[in-house]
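Engineer: I'd like to ask some things about the structure below.
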Amino acid sequence: MDEKSANEATPNHISGPVSTRAEEASSKSSRDLDDAYELYQRQDAIDIDPQEAHQVLRKIDWHIMPLLMGTYLLQYLDKSTVNFASVFGLQQGTNLHGQDYSWSLSIFYFGYLVAQWPAGYLLQRLPVGKFLGGTTIVWGMLTIVTPACKNFAGLAVNRFLLGCSEAVVNPGFVLVLSMWWRQDEQPLRVTTYYSMNGIAGIFGGLLGYAGLPPWMYIFLIFGSISLAWGILFLIFMPDIPSTARFLNERQKIIAVERVTMNRQGVKNHHFKSYQMWQCFRDPMTWILFVMAIAAQIPIAAQSSFTSIILETFGFGVLETQYLQIPGNVVQVCSLLLSGWISSRFPNLRCAVMLISNLICVGCTAALVGLPVGSDGTGNRWGRLVALWLCSFSSVGFSLSMTMVSSNVAGYTKKQLTGAFLFVGYCVGNIIGPQTFKDSEAPFYTSAYIAMLVGYCVKTVMAAVLYLYMWTENKKRDREAAIHGARLSEEQEKEAIEQGMQDVTELDNKGFRYVL
């Protein structure tokens, strides 16, 4: 069966009794079946006890989550070393002048942007665990050699290649989420590993001040740790549940069956062009794209320039490191709380995003509106608290990643939608540092206005996303009601089966968006 025929054969509605899994499999091309379909079929032969399923979940959490958390911690440390090193002589040591520092931050995301499409394709075609582990080793090596850069050109090349290697992490983790956890379990997991950004922010700058010689030691330390961690990740991270050495055969079946309820399948390594065109036409793709740009302009501006901003408030070098800690604590606490709420209570993700975005809008309005005096140090404590509370911004972006992991089906479509999200992420991160103009120091008026505009656009797009998904769910509910309530169980089974046959959420009419 060719690709076009496979697409046309995909059912667009529930029209009759559900086939058995074996019958469904025999009627489909092998390229349509999930990589874990064999384990999915075998579940018919066993009864799954809820307590046993919970034990499998705990084993997954204890094995997979530390790997994700450690990797996310290190990738944030490695890409943020320039922020930590900026007050320890980085600019002098690499002969940066004018906007060179800002461009060294943006160039990282040019590399990230260039690598998005090949990274997405390779994540589908290659074993996920091995690919992620390999790229972690590469970025660790690139971080280690950063002190060899003596000018802007050398630093720019290094940062570009570092961006290329780290481009795999976020989209890879979005795919990992949908492989191992149910939709209702994903928000807490994604906010937990995303909170490592805050942990990195707490300790990263202080480690750079720990009595060590110049700025280059920051890169040597973090790069060495990343290199060692990449090797551990390569050894211990399974590619899909069927290859997990920490699960026995029965537990592997249970692990697959748990996530089939997402109606998305586990993984399909065949690229399908019809899903690519669906991705381009799907309004959600473009909503997430715009939301990511709007989110990352203020986040990039804040995270990359926090040390410098605090210096403009009149604080010393060591104080700038200590005073970043409360903001990072706010980030960690807000992420964990939002993840718990979104996992505990159904369909509150967009509401949580809206609340966190509104907090950021209010805080950036304070940064724009509070008088600063002639030297830029006026109202510094009020502006400092506003800067700390802007750390709620991580909530919105982390939950937007669950919109891909939970609400997009069809593996090609999922990885392409994720790629669009992270292309927007790159564009925002490229723009953000450029809003800090050296000529505007110490006021940085353009940067604060750009942050306010970004948060306002992000808030509007979160509301648009909710309305779109809510409308689509209601439309599908009305269509399903035509078949009568007595078919609801059959519809559920059919929706799960289609998910394991790599059917997109647009074609699978039993799919419902998580709001």
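The values are calculated or read from the model by the stated rules, or taken from the named source; none is laboratory data. From a predicted model like this one, the values you see are computed outputs, not experimental measurements. Here Cβ is always computed from backbone atoms with ideal geometry, including for glycine, and neighbour counts include all displayed protein chains.
Engineer: So if I check each of Leu358, Leu337, which one is over 18 Å from the mean Cα position of the chain (by Cα) and either aliphatic (A, V, I, L, M) or not in a helix (DSSP H, G or I) (or both)?
Structural biologist: Details: Leu337 fails: over 18 Å from the mean Cα position of the chain (by Cα).
Unique residue meeting the criteria: Leu358.
Conditions (1) within 26 Å of Cys350 (Cα to Cα); (2) surrounded by 24 or more Cβ atoms within 10 Å (Cβ to Cβ); (3) charged (D, E, K, R), marked per residue:
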| residue | (1), (2), (3) |
| --- | --- |
| Cys390 | yes, yes, no |
| Lys414 | yes, yes, yes |
| Thr417 | yes, yes, no |
| Val423 | yes, no, no |
| Thr445 | no, no, no |
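Engineer: Any chance the range 413-435 includes a residue that's of a type in the set (S, T, N, Q), under 22 Å from Phe280 (Cβ atoms), part of a helix (DSSP H, G or I) and in contact with a His (Cβ under 8 Å, 6 or more places away or on another chain)? Before you say what the answer is, go through the steps one by one.
Structural biologist: Taking the range 413-435 first, the residues of a type in the set (S, T, N, Q) are 415, 417, 429, 434-435.
Within this subset, residues satisfying the condition of being under 22 Å from Phe280 (Cβ atoms) are 415, 417.
When the remaining residues are screened for being part of a helix (DSSP H, G or I), the result is 415, 417.
This time we only want the ones that are in contact with a His (Cβ under 8 Å, 6 or more places away or on another chain), so: none.
Taking every residue of the range 413-435 in turn, none turns out to be of a type in the set (S, T, N, Q), under 22 Å from Phe280 (Cβ atoms), part of a helix (DSSP H, G or I) and in contact with a His (Cβ under 8 Å, 6 or more places away or on another chain).
Engineer: Follow-up. Mind telling me which of the residues Glu311, Glu319 ends up being surrounded by fewer than 18 Cβ atoms within 10 Å (Cβ to Cβ), among the charged types (D, E, K, R), part of a helix (DSSP H, G or I) and out of contact with any Phe, Trp or Tyr (no Cβ under 8 Å at 6 or more places or on another chain)?
Structural biologist: After ruling out the rest, the residue left standing is Glu319.
Engineer: Looking for something in contact with a Ser or Thr (Cβ under 7 Å, 6 or more places away or on another chain), hydrophobic (A, V, I, L, M, F, W, C), modelled with pLDDT of 85 or more and assigned to a helix (DSSP H, G or I) - is there at least one such residue anywhere in the range 185-201?
Structural biologist: Yes: one or more hits.
Engineer: If I filter the range 492-509 down to residues being under 17 Å from Ser273 (Cα atoms) and among the aliphatic types (A, V, I, L, M), which single residue comes out as surrounded by the most Cβ atoms within 10 Å (Cβ to Cβ)?
Structural biologist: Val503
Engineer: Mind telling me which of the residues Thr471, Thr459 ends up being out of contact with any Ser or Thr (no Cβ under 8 Å at 6 or more places or on another chain), without any contact (Cβ under 8 Å) to a residue 12 or more places away in the chain and hydroxyl-bearing (Ser, Thr, Tyr)? Let's see the steps before the verdict.
Structural biologist: Numbers: Thr459 fails: without any contact (Cβ under 8 Å) to a residue 12 or more places away in the chain.
Only one candidate qualifies: Thr471.
Engineer: Is it true that Ile235 is at pLDDT 80 or above, hydrophobic (A, V, I, L, M, F, W, C), surrounded by 16 or more Cβ atoms within 10 Å (Cβ to Cβ) and in a helix (DSSP H, G or I)?
Structural biologist: Working: at pLDDT 80 or above: yes; hydrophobic (A, V, I, L, M, F, W, C): yes; surrounded by 16 or more Cβ atoms within 10 Å (Cβ to Cβ): no; in a helix (DSSP H, G or I): yes.
So Ile235 does not fit the description; no.
Engineer: Among what's in the range 143-170 and is surrounded by 23 or more Cβ atoms within 10 Å (Cβ to Cβ) and among the aliphatic types (A, V, I, L, M), pick the residue that is farthest from Val266 (Cα to Cα).
Structural biologist: Of everything passing the filter in the range 143-170, Leu155 is farthest from Val266 (Cα to Cα).
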